[in-house]
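The values are calculated or read from the model by the stated rules, or taken from the named source; none is laboratory data. Worth saying up front: this structure is predicted, and the values here are computed from it rather than measured. Reconstructed Cβ throughout: ideal geometry from the backbone, glycine too, with neighbour counts over all protein chains shown.
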Protein chains: 4
Amino acid sequence: MLVDTGWQTFNKRLQKKWSISMSAVKIGIVGLGRLGKRHAANLRFRVQGAELKAACSIVPEELEWARTELGIAETYIDYDEMLNEAKLDAIFLVSSSSMHAVQSMKALSKGLHVFTEKPMGVNLEECKKVENVVGEHGDQVFFVGFVRRFDPSYSYAKKLIDEGVIGEPFLVRSQTVDLDEYAEFQVDFVPSSGGIFLDCNVHDIDLARWFLGSEVKTVYAKGGSYVHKAFEEVNDADNTIVLTTFEDGKMAVIAASRTAFHGHDTHTEITGSKGILKIGMTPAKNRVEIFDVHGARQECVNDFFERFQEGFLIEAQEFVDCILEGRKPIVSAIDGTKATEVGFAMTDSFKQGREIVLD
Amino acid sequence: MLVDTGWQTFNKRLQKKWSISMSAVKIGIVGLGRLGKRHAANLRFRVQGAELKAACSIVPEELEWARTELGIAETYIDYDEMLNEAKLDAIFLVSSSSMHAVQSMKALSKGLHVFTEKPMGVNLEECKKVENVVGEHGDQVFFVGFVRRFDPSYSYAKKLIDEGVIGEPFLVRSQTVDLDEYAEFQVDFVPSSGGIFLDCNVHDIDLARWFLGSEVKTVYAKGGSYVHKAFEEVNDADNTIVLTTFEDGKMAVIAASRTAFHGHDTHTEITGSKGILKIGMTPAKNRVEIFDVHGARQECVNDFFERFQEGFLIEAQEFVDCILEGRKPIVSAIDGTKATEVGFAMTDSFKQGREIVLD
Amino acid sequence: MLVDTGWQTFNKRLQKKWSISMSAVKIGIVGLGRLGKRHAANLRFRVQGAELKAACSIVPEELEWARTELGIAETYIDYDEMLNEAKLDAIFLVSSSSMHAVQSMKALSKGLHVFTEKPMGVNLEECKKVENVVGEHGDQVFFVGFVRRFDPSYSYAKKLIDEGVIGEPFLVRSQTVDLDEYAEFQVDFVPSSGGIFLDCNVHDIDLARWFLGSEVKTVYAKGGSYVHKAFEEVNDADNTIVLTTFEDGKMAVIAASRTAFHGHDTHTEITGSKGILKIGMTPAKNRVEIFDVHGARQECVNDFFERFQEGFLIEAQEFVDCILEGRKPIVSAIDGTKATEVGFAMTDSFKQGREIVLD
Amino acid sequence: MLVDTGWQTFNKRLQKKWSISMSAVKIGIVGLGRLGKRHAANLRFRVQGAELKAACSIVPEELEWARTELGIAETYIDYDEMLNEAKLDAIFLVSSSSMHAVQSMKALSKGLHVFTEKPMGVNLEECKKVENVVGEHGDQVFFVGFVRRFDPSYSYAKKLIDEGVIGEPFLVRSQTVDLDEYAEFQVDFVPSSGGIFLDCNVHDIDLARWFLGSEVKTVYAKGGSYVHKAFEEVNDADNTIVLTTFEDGKMAVIAASRTAFHGHDTHTEITGSKGILKIGMTPAKNRVEIFDVHGARQECVNDFFERFQEGFLIEAQEFVDCILEGRKPIVSAIDGTKATEVGFAMTDSFKQGREIVLD
């Protein structure tokens, strides 16, 4: 959490929370792919109060990596075996999406705290089941990885909104935009990812709900395969726009694109009755500006990992802090369900070509 | 180092460096004031390969903080005692400026690696002595805390320059500007800090030398107490400008101010034969823009600590990595001497009202 | 046209077009309200090749203003009288919206060139009639005042698109946003203006059609009275979003707001297959940045008049140039019809709460 | 003046000043080179209250241009002949620099108002003579073309300063930077232009004096031929920095460069006791941003003409308004003298390698 805060906050945390007398939270991570490795390294080296004790993966090379690079002694191919044998306080799920729900429920039932990457479940039924199990284990921390809430700029924006700086927020515009060079690679993942709305916009949906404090009522989605026709063939799109209304009449415009050339461009704008906040409109790589034959320019971040590296660290720290302090996280199982529900409604709206009204 | 890098870099470091088989570097920190606490927390919780084993301070409360908040068992009031009793690999000096040189030399003589906050010494003689001792211990890492070199934007700019993006650099403009609210508080420190040039511009001098790859030949300093007359009374200033030339005819304009209202504004511009790089021209607190009755605006960082929190972490990691890998750091004792030498020449120029030519 | 162009363009125009041997275009202006006065002053003092010969208004004070301030000798209360008596080449309509169509047709029938402020007609039938009359007078210039096309930044963006800088454009996001302080004043005008979509978004519709080169197929409009409930009472809104699709599958998101606090914020973004153009994202008043207790900030333009003062001059010059050179303008009667048609469809969609498919 | 102002200002001017009853100011222009043509076209077509009645040039083609493109009937090769024969109210000097002083004095002596492009004279003696003659003709308007004072952003900054927005200003940083592509072309002009300080920085000097309200006391100039060695051979430079102090201890840093690749980059920063104003830090060509493989970027203005096209129009209008209203301009003969005096002192300082103290 150091990364995003001034000295005062840092000092406050030191004084209040990370008392060395607390014993570390023993964590087992599941899944060591690209994002899993990052989470593992954070938990191993950067998160105070965490002890990354075990790792689980069906890929032997990933376990070897955990042993040699991170020094994790206990590695497992079988999730159930890890649950039974490793003496863990918490599970950190970065496994494939289809495993999140069942692995979450198993860990909760064993009395463990759970962090799960999004999506919480791959369909609404799964999500509801997880919600129920979470409800039955009210003393355990259940945390869905909506990392953008923990990015220093997003959390600062929320703070400003809560302080009334822009009055009552009523409109969110949010987008997730990836570099075109990754697009072709994504075509094969459409069947498992669920398509562009579930793949890209789950965070935007969560942010819109969070900033507006309301639930989605209708979605109306449009889009097309403007650059890569391959997406059309799998009934998906490479650029989409969704106009969403909320129960109290508020609105959101949620966009996704797989075809940017300047960088990964994930930004959000919140309009309120007294002002507007814009977060990350130019996704600058850093504070360097270049003035040359191309004009006055800034290079941009390449991907979600580069953009949200601070957020990944902060959310993991917050997960551990919630456990140590007996607090509830700001992201609940209901948030996980809602994001999935709305993502499916968007997909339906796009495929059916009409407005969908949520229950 | 995670903080500033994309996944590729992170992965590379994991694979190459932080092999878990290496034993951690045992470190003793000296000085636990505001900056010392931050360094201590980084070393304790965030720097891979580091074990913060001991702490030394003449302030009992600071040692109590180290014991209870960081869990440091070995605390010392006496520096020599720590050197003799704690089994350390390295010393991390965040003590008062007047102690840096002598403590550095003692540790080096004991065979320890040394990180010292700037300044390396409070006068040129001290610096030269340290340089000599460093020379006699060529196998030990000696690292001067020019933190701005390790800020992700500054190091990225250096990389672009080395790649030739702006051709041959010939002009640096760099400034260190503090919030006005801290100004009155600084008046009392002028005698010990050495005044505005040594206090504020040491980093700018180091950056100019680093980016231009040349040594300062002449300095011509002007300034005044435009807002706080108290500085004039101690023969100092609250705003200054120095025009500097280098041995090969290159130039730098180095500015300092204690009277900003928008934030801590430390920025640097490098002009080359093919383009210009600007680093941090607007010292934005984060990626949030506010649109309200005051216009379209960004809030700014408050102080050096907030601006360079990533740099403090990265330089500490780099210090440890240099030890583990047997590498020389990019900041040497000579850099420490030069910055001090030029800072004194600037002060002389300002006080004497004339150009000073360095030997 | 000087205002927006470098010396080369200026020189080219001088050499090619404004040959002094051409006789000036004799113009009669109709309507001298706020915008009418501005157009009149431009035609009188700034537009080359124009002679503002007559003025017509039903407000005697406005005619007095024309006589004393602009030196217009011939002033009329009756439009028909001006058409018959003044020896004019062209009519410039800045009258109330309900008069545009009938006055346009009368002037065309008299053999005069016509500039009409938007809207071309207050309903689709009127527009179609005007289109027909324009068709019957193919040698006369008919020009609809879509001023944003003539703003230097918008026309530069069009040039970049035509040059292929962003590949094939497929998505436009455009908005018209007014200061909140004018909102209450607008409530009374809803019945005559036709509401927020016709009042604010006609330019955005025109821009989307222009940049995408396609016609609107569906509109889906949402909105609400989030700040000023008075709009709801007249079945209008103070903030709206429309998701629009085009015949070839392209899209546009068109937004309107009457409740900004930072300034008049009219901006447009065009996404193509190779890049994105953004026009005027921060509606800065000028090139001044202020760094003070409010942060790093720019003041913004207050209203449409301040933002598009160059555009108003350039479009008037272009109207006159088209006459002098026998060219067709880039805005046709069809553009006027389409913008009105889509504006009504948006209004219907908003009021009926459903997608509207255009014929 | 329309260009830079909102409707309110425009309306105010219309009501107060340009009463049609005033007879137009009859103007003769001298010099129709690149800048002369621009001034001539403005006076002919855009400046209210001006009648461009005669033109003088030693280049027959330029006079032909004036006749055919601008319709100026009276053209002269001989300046004295124009003074004697044309019935003029005012002279507008855009002739070569060496002629400004003598032509100014002749026109003043004939009872004419005079606008002269900078420099007012090519040496201090000439300037003093002009000052004297101006003093003897106190009822005539004498106007030196410091166009940057009339740029909308610069004049807005002055207004903010006068309103106290940044408290008491004490430091100006100002630069004039040209595109590298024009550099080689400039080498031949060094003897007649007087070198980089007189050629580029005269405006910056004027701005520093204007914003600070004080006179230059010392100058200390450094620089070099970092890109084009040809400048060194004529004892000039392609990049320079001057540190300047003023009589009341205020400061300015004035920079010049002939070697930019991004555009003509003329910007100015004013620091005061309560805040900072920055004018034109990124010399954007317009409001368009491009997001593509080069990052997030803005194209920049190419040259002084493109950057200050509004200023050239506004200053000409102001010259005419001063005549019509019997007002003194904000730029006086003393301003012309001072800028030249300081420019020479800078040149001396650079050539002699030492600080120069002005009398």
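Check the range A:204-215 and report whether any residue there is surrounded by fewer than 24 Cβ atoms within 10 Å (Cβ to Cβ) and at positive phi.
Within the range A:204-215, one or more residues are surrounded by fewer than 24 Cβ atoms within 10 Å (Cβ to Cβ) and at positive phi.
Sort out which residues of the range A:165-196 are more than 24 Å from A:Val342 (Cα to Cα), surrounded by fewer than 19 Cβ atoms within 10 Å (Cβ to Cβ) and of a type in the set (Val, Ile, Thr), and write them in order of number. Spell out how you get there, then give the answer.
Initial filter on the range A:165-196 (more than 24 Å from A:Val342 (Cα to Cα)): A:165-167, A:179-182, A:184-185.
Those still in the list that are surrounded by fewer than 19 Cβ atoms within 10 Å (Cβ to Cβ) too: A:165, A:167, A:181-182, A:184-185.
The answer is A:Val165, and nothing else.
Identify, please: which residue in the range B:197-216 is of a type in the set (A, V, I, L, M, F, W, C) and within 15 Å of the chain's Cα centre (by Cα) and is, among those, farthest from B:Ala260 (Cα to Cα)? Write out each step before concluding.
To start, the set of residues in the range B:197-216 that are of a type in the set (A, V, I, L, M, F, W, C) comprises B:197-198, B:200, B:202, B:205, B:207-208, B:210-212, B:216.
So of that shortlist, the ones also within 15 Å of the chain's Cα centre (by Cα) come out as B:197-198, B:200, B:202, B:205, B:207-208, B:210.
Values: B:Phe197: 17, B:Leu198: 19, B:Cys200: 14, B:Val202: 19, B:Ile205: 21, B:Leu207: 22, B:Ala208: 23, B:Trp210: 27 Å.
Out of the qualifying residues, it is B:Trp210.
Quick one: is B:Asp139 in the same structural domain as B:Thr282 (by TED's automatic domain parsing) and among the charged types (D, E, K, R)? Break it down stepwise before answering.
Numbers: in the same structural domain as B:Thr282 (by TED's automatic domain parsing): no; among the charged types (D, E, K, R): yes.
Criteria not met by B:Asp139.
For the range B:38-77, give me each residue that is assigned to a loop (DSSP other than H, G, I, E, B) and either without any contact (Cβ under 8 Å) to a residue 12 or more places away in the chain or over 17 Å from B:Phe312 (Cβ atoms) (or both).
B:Ser57, B:Ile58, B:Val59, B:Gly71, B:Ile72, B:Ala73, B:Ile77
Output yes when any residue across the range D:109-121 is surrounded by fewer than 23 Cβ atoms within 10 Å (Cβ to Cβ) and closer than 22 Å to D:Ile205 by Cα, and no when none is.
yes
Of the residues in the range D:85-110, how many are in contact with a Lys or Arg (Cβ under 8 Å, 6 or more places away or on another chain) and more than 26 Å from D:Gly336 (Cα to Cα)?
Going through the range D:85-110 one residue at a time, the tally reaches 2.
If a residue must be farther than 18 Å from B:Val147 by Cβ, touching a residue at least 12 places away in the same chain (Cβ under 8 Å) and among the acidic types (Asp, Glu), how many such residues does the range B:176-194 contain?
Selection size over the range B:176-194: 2.
I'd like to verify a number: residues in the range B:318-359 that are part of a helix (DSSP H, G or I), farther than 23 Å from B:Ala101 by Cα and within 14 Å of chain D (Cβ to nearest Cβ), how many?
The total comes to 3.
Anything in the range A:78-94 that is farther than 12 Å from A:Lys26 by Cα and part of a strand (DSSP E or B)? List them, or say none.
A:Leu93
Kindly establish whether A:Leu160 is over 21 Å from the mean Cα position of the chain (by Cα), in a helix (DSSP H, G or I) and within 14 Å of chain B (Cβ to nearest Cβ).
Values: over 21 Å from the mean Cα position of the chain (by Cα): yes; in a helix (DSSP H, G or I): yes; within 14 Å of chain B (Cβ to nearest Cβ): yes.
It is true that A:Leu160 is over 21 Å from the mean Cα position of the chain (by Cα), in a helix (DSSP H, G or I) and within 14 Å of chain B (Cβ to nearest Cβ).
Which members of the range B:195-229 meet the condition of being free of Cβ contacts under 8 Å to residues at least 24 places away in the same chain and polar (S, T, N, Q)?
Residue satisfying the conditions is B:Ser225 alone.
Does the range D:276-331 hold any residues that are among the aliphatic types (A, V, I, L, M) and more than 30 Å from D:Asp139 (Cα to Cα), and which are they?
Taking the range D:276-331 and keeping what is among the aliphatic types (A, V, I, L, M), we get D:276-277, D:279, D:281, D:284, D:288, D:290, D:293, D:296, D:301, D:313-314, D:316, D:320, D:323-324, D:330-331.
Across the range D:276-331, the qualifying residues are D:Ile276, D:Leu277, D:Ile279, D:Met281, D:Ala284, D:Val288, D:Ile290, D:Val293, D:Ala296, D:Val301.
Check whether at least one residue in the range A:3-11 is out of contact with any strand residue (DSSP E or B) (no Cβ under 9 Å at 6 or more places or on another chain), among the acidic types (Asp, Glu) and at pLDDT 95 or above, and report yes or no.
No, the range A:3-11 has no match at all.
Among the residues of the range B:327-359, what is the count of those that are closer than 12 Å to B:Thr218 by Cα and of a type in the set (Val, Ile, Thr)?
Here the count works out to 3.
Provide a single number: the residues in the range B:127-142 that are free of Cβ contacts under 8 Å to residues at least 40 places away in the same chain and part of a helix (DSSP H, G or I).
Residues that pass the stated criteria total 4.
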